[in-house]
Structure formats: C-alpha cells, structure tokens
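Note sheet for the following structure.
The values are calculated or read from the model by the stated rules, or taken from the named source; none is laboratory data. Computed from a prediction, not measured in an experiment: that's the story for all the values here. Glycine gets a Cβ as well: all are built from the backbone with ideal geometry, and neighbour counts include every protein chain shown.
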C-alpha cells in the first residue's frame with residue numbers, strides 16, 4: 001500500500017485510530033449462491049509458492065521503473081494463461097502498457113518571488129518545493145486565495161464562486177471543507193483540475209497539515225532535492241506549474257496576507273477565499289524522463305449467456321519499492337506480495353469452476369508511486385468497460401498478524417491472526433456490505449474491523465490503494481488490509497514474517513464474497529437506487 005497520496009510520499013503515520021468491531025448490518029441478500037469446493041484449492045502452500053518468487057532477492061523489490069520489473073509481470077501473465085484466462089492487454093496479450101513521466105526537481109532553477117502589500121520576497125528551493133503534479137515552466141500574475149480549492153457542484157460547494165482567477169495564480173490550502181464528502185469530490189473538482197478549468201496559470205500550495213512535522217525534519221530537508229515524482233504521462237499533459245511552500249514560508253506568506261494559518265488548517269471550519277493585494281512570479285524546473293511500464297490483466301468468461309456481459313474484478317498491486325543506495329532490497333512480501341499471490345490463488349480457484357458473471361483479474365503497477373496503474377485503467381484506457389464492472393475486491397496487505405504480547409508501537413494497528421480491516425464495503429452499496437458480512441459469518445468467521453472505514457479517518461485509507469480509482473466512478477468496492485506494521489516499507493518485509501494461515505483465510509473470504517457476487521440474479525444495488 002502506498003503512503004498517502006501527497007507531495008511528500010515519505011510521510012509518517014501519526015494519527016491514533018479508535019478500534020471498532022464490525023456488527024451485522026441488517027439481513028443479507030436472499031438466494032446467495034453456494035460456494036463450490038474449489039475454494040479449497042486456496043492453500044498455504046500455494047500462496048507460499050507464489051510469494052517466495054515474487055518477494056525473492058532476484059526481483060529486487062519489484063519497483064515499477066526498475067529494468068527487471070517486467071519479470072514479475074511475465075510471471076503473473078504466465079499463471080493467468082495457464083489458468084485459461086484471456087489477455088486484455090495490448091494486442092491480446094496480458095500486459096497493459098502505459099507511459100509515466102519521472103521527474104526530479106531542478107533545485108537551481110526553481111524559485112518564487114511574491115509581492116504582498118508592496119513588500120517583495122524571493123524564495124528558492126528549500127523555501128519552496130516542486131509539487132508532484134507540476135509541469136516545468138514559469139508563470140506570473142496576481143495571486144488569489146481560493147481556500148481549499150474545491151469546486152463540487154454536486155455538493156453545492158464552490159471555493160471559486162465570485163472570484164476571477166483567469167490568468168492569475170491561485171493559493172490553495174489542501175484539506176477537507178465542512179459539509180463536503182472528499183470521496184465524492186471528482187478529479188476535476190479540486191487542485192489542478194479546478195484551477196485549470198477556471199483559467200489559472202499556476203498554483204501555490206500550502207503543505208498538508210499532517211506532513212508539517214516531517215517536512216521540518218532533517219531527513220526531509222537533506223533529501224528533498226533528490227525526491228523523484230512519477231505521474232502518468234497522460235495525466236501530466238496540460239498541468240500547471242505548481243509549488244508547495246515549506247512550513248516556515250507558509251507561515252510568512254499567510255501572516256503577510258492577514259490570515260491565520262493554524263486556523264486555516266482546521267478542516268471543521270470554513271476557509272473564506274478572497275482576492276489578495278499580492279502578485280507572484282514562479283519558475284519550476286524539472287529533470288524529466290519518460291518510461292513505459294505495465295499492468296497485468298486477464299479475463300475469464302462467465303457461464304451465463306447474459307450475466308457474462310458483467311464482470312467481477314479482483315485486484316492487487318504487484319509493485320513495491322526500488323533497491324536502496326546500499327543495495328538494500330525492499331522485498332514487499334506483505335506489501336503487496338500478499339495481495340498479489342492471493343489474487344493469483346483466487347484466479348486459479350475461479351478457473352476450476354466458472355461463475356455466472358465474468359471475472360477480471362487486475363495486477364496494477366505504480367500503486368506505490370500514486371495509484372498510477374489503476375488510474376490509467378480507470379480514467380484513460382479501461383481494459384473492459386467500467387459500466388459493466390460490478391465490483392472491485394482489492395487486496396493490499398493481508399499476510400501479517402500481530403503476535404500475542406507484541407508491544408511494539410509500530411505494530412499498534414496491526415491486526416491479529418483472526419482479524420482483518422475492511423474499508424469501503426458500505427460506502428457505495430449497502431447490499432455489498434451485508435453480503436460481505438453474511439459470507440464471512442457463513443464461512444471464515446474472521447473478526448471484521450471497520451476502524452479505517454470511518455469517513456473521518458485521519459489516515460484516509462479509503463483513498464490510498466487502487467480501489468479508490470474505481471470507487472470514484474461509482475463502482476462498489478471492498479478493500480482488505482491487515483494494518484501497518486514495523487516492517488512496512490522496509491527491507492525486513494520478508495516471507496518469513498507472513499502468517500500463511502491467516503492469509504489463506506482472508507483469501508478464501510475474498511473468493512467466497514466474489515463468487516456470490518458473480519452468481520447473484522441481480523447486479524449489486526448502489527445506495528440510493
């Protein structure tokens with residue numbers, strides 16, 4: 001699972017979550033299909049076999065931009081082919097290629113000059129940083145403060161209302177606005193998309209509040225100039241130059257324009273946009289490289305002549321982190337080798353007895369770099385039409401369990417051997433949530449924890465793995481997650497730490513849930529239908 005999608009991918013977890021245990025929510029949908037004995041093909045030994053290869057030293061951590069990343073892709077493709085899946089990638093293959101742009105800041109070139117109330121100040125790299133969604137270039141003009149920068153007609157919230165930002169630079173403080181559901185804010189209703197739509201020429205952004213401590217750390221300041229940002233090539237096209245202020249610079253700028261930055265960070269209070277007596281000139285310098293990578297995708301046709309036109313998706317991301325400067329390999333056994341191997345095992349079990357609806361298996365690349373593979377498939381070139389997608393069951397980290405007596409602070413939110421976090425099951429379809437709970441009660445009887453499903457969850461887990469790019473299109477999803485642990489994003493995330501019994505139980509639960517959805521007489525009902 002990736003760090004929170006933000007300008008600074010190395011942010012640390014700081015929030016304390018309240019533990020909550022799932023309760024059954026109403027009656028389950030009627031006429032649930034019996035689960036076939038093929039579920040028993042999912043075994044600890046099968047999962048171990050795949051995971052020992054995917055998390056091996058030879059694959060070097062499965063970094064999306066690494067030269068040997070294609071080995072992982074070919075392994076997954078070969079398994080899908082052996083199971084009888086059809087390729088949905090380029091030219092009927094299993095690989096769905098897409099281009100990304102890798103960028104590093106040109107620290108010598110990047111600069112910002114602001115004139116506020118007649119007083120001019122110039123800031124260089126270190127006072128400001130390049131936002132990852134930025135293009136290189138320069139811009140100048142009047143500065144307009146647009147608050148959170150959200151323009152969501154469906155939620156009757158518009159921070160741009162009454163403001164003229166055409167050919168001007170917008171100043172944004174990221175965050176949630178009172179009364180606005182962030183899960184219903186579209187890609188073009190905040191940030192770059194909204195600023196461009198209203199005619200702005202550049203963006204100055206205040207750092208997200210949760211990242212302030214890390215941005216003030218020695219580690220961040222020493223390595224910020226080396227930070228690599230990777231975006232979809234299609235997503236970069238037409239972007240505006242954008243910079244993020246350092247915490248210290250943000251304080252100075254907000255004081256100069258007569259605003260209280262601490263108060264502005266409060267998501268529970270409305271931040272009032274306004275025109276400013278201010279102008280700016282900014283220059284963004286980037287060193288850029290274009291790289292081709294790939295998702296792995298396959299399709300198993302359903303057995304019902306009509307229902308086979310719809311499909312159930314099982315997904316995981318198979319990428320992880322690049323090898324360290326000292327040769328340290330980030331094996332990613334749990335993140336997300338566990339989800340990848342689980343989806344392989346589910347694909348195998350589905351092939352042994354086909355359900356009525358079709359099945360799509362999707363292994364996403366670039367999740368750790370910003371959910372890039374799922375963004376490409378959902379927003380630019382879907383392997384199958386999204387309007388025929390019934391559900392996405394996404395698995396990202398299900399292989400670890402907290403041992404009894406473990407008091408390590410880093411394992412505070414790691415689930416035990418009989419518990420798994422579920423996120424998003426009721427957000428779009430309450431029927432899905434009921435089916436999920438009934439299926440668990442019927443079979444695996446795991447403890448389902450919904451702590452991270454709280455819309456006010458400060459970690460925003462709902463937005464942090466590939467399911468989000470389908471959920472934002474209104475597709476029901478469930479995200480399965482064991483919790484962050486002491487080995488998260490470290491070289492020590494290795495196969496020997498995996499609880500294969502727990503992993504087997506969770507994998508079977510996902511199969512059982514997906515099987516029932518794939519065999520329902522009707523399509524899952526969405527909330528409000």
Counted residues in the range 434-462 being out of contact with any helix residue (DSSP H, G or I) (no Cβ under 9 Å at 6 or more places or on another chain), in a helix (DSSP H, G or I) and either farther than 16 Å from residue 481 by Cα or not assigned by TED's automatic domain parsing to the domain that holds residue 399 (or both) come to 2
Of the residues in the range 403-425, those that are in contact with a helix residue (DSSP H, G or I) (Cβ under 6 Å, 6 or more places away or on another chain) and either outside the structural domain of residue 346 (by TED's automatic domain parsing) or surrounded by fewer than 20 Cβ atoms within 10 Å (Cβ to Cβ) (or both) number 1
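Out of all the residues in the range 489-505, which are part of a helix (DSSP H, G or I) and in contact with a helix residue (DSSP H, G or I) (Cβ under 7 Å, 6 or more places away or on another chain)?
To start, the set of residues in the range 489-505 that are part of a helix (DSSP H, G or I) comprises 495-497, 500-505.
Those that are part of a helix (DSSP H, G or I) and in contact with a helix residue (DSSP H, G or I) (Cβ under 7 Å, 6 or more places away or on another chain): 495, 497, 500, 501, 503, 504.
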Flag if residue 161 is surrounded by fewer than 15 Cβ atoms within 10 Å (Cβ to Cβ), modelled with pLDDT of 90 or more and closer than 28 Å to residue 109 by Cα:
no
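Restricting to the range 352-370, what's the tally of residues that are touching a helix residue (DSSP H, G or I) at 6+ places or on another chain (Cβ under 6 Å) and within 15 Å of residue 464 (Cα to Cα)?
Step one: of the range 352-370, the residues touching a helix residue (DSSP H, G or I) at 6+ places or on another chain (Cβ under 6 Å) are 352-353, 355-359, 361, 363-366.
In the following step, the residues that additionally are within 15 Å of residue 464 (Cα to Cα) were identified as 364-366.
So the answer is 3.
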Within the range 119-130, of all residues that are more than 11 Å from residue 105 (Cβ to Cβ) and touching a residue at least 12 places away in the same chain (Cβ under 8 Å), the one nearest to the chain's Cα centre (by Cα) is 127
For the range 44-71 the number of residues that are under 17 Å from residue 489 (Cβ atoms) and in contact with a strand residue (DSSP E or B) (Cβ under 7 Å, 6 or more places away or on another chain) is 5
Inspect the range 449-460 for any residue being more than 15 Å from residue 182 (Cβ to Cβ), in contact (Cβ under 8 Å) with a residue 24 or more places away in the chain and either under 16 Å from the mean Cα position of the chain (by Cα) or crowded, with 21+ Cβ neighbours inside 10 Å (or both) and give the result as yes or no. yes
Within the range 63-85, residues crowded, with 19+ Cβ neighbours inside 10 Å and farther than 17 Å from residue 297 by Cβ come out as 63, 66
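Listed here are the residues, each with its yes/no results for (1) modelled with pLDDT under 90; (2) surrounded by 11 or more Cβ atoms within 10 Å (Cβ to Cβ).
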| residue | (1), (2) |
| --- | --- |
| 8 | yes, yes |
| 24 | yes, yes |
| 27 | yes, no |
| 38 | no, yes |
| 59 | no, yes |
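Give the residue, chosen from 510, 486, that is within 21 Å of the chain's Cα centre (by Cα), in a helix (DSSP H, G or I) and assigned by TED's automatic domain parsing to the domain that holds residue 344. It would help to see each step written out before you state the result.
Details: 486 fails: in a helix (DSSP H, G or I).
Just a single option satisfies the conditions, and that option is 510.
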Of (1) closer than 22 Å to residue 327 by Cα; (2) in contact with a strand residue (DSSP E or B) (Cβ under 9 Å, 6 or more places away or on another chain); (3) surrounded by 22 or more Cβ atoms within 10 Å (Cβ to Cβ), residue 102 fails just (3)
Checked 174, 207 against criteria (in a loop (DSSP other than H, G, I, E, B) and either touching a helix residue (DSSP H, G or I) at 6+ places or on another chain (Cβ under 7 Å) or farther than 29 Å from residue 461 by Cβ (or both)); the one match is 207
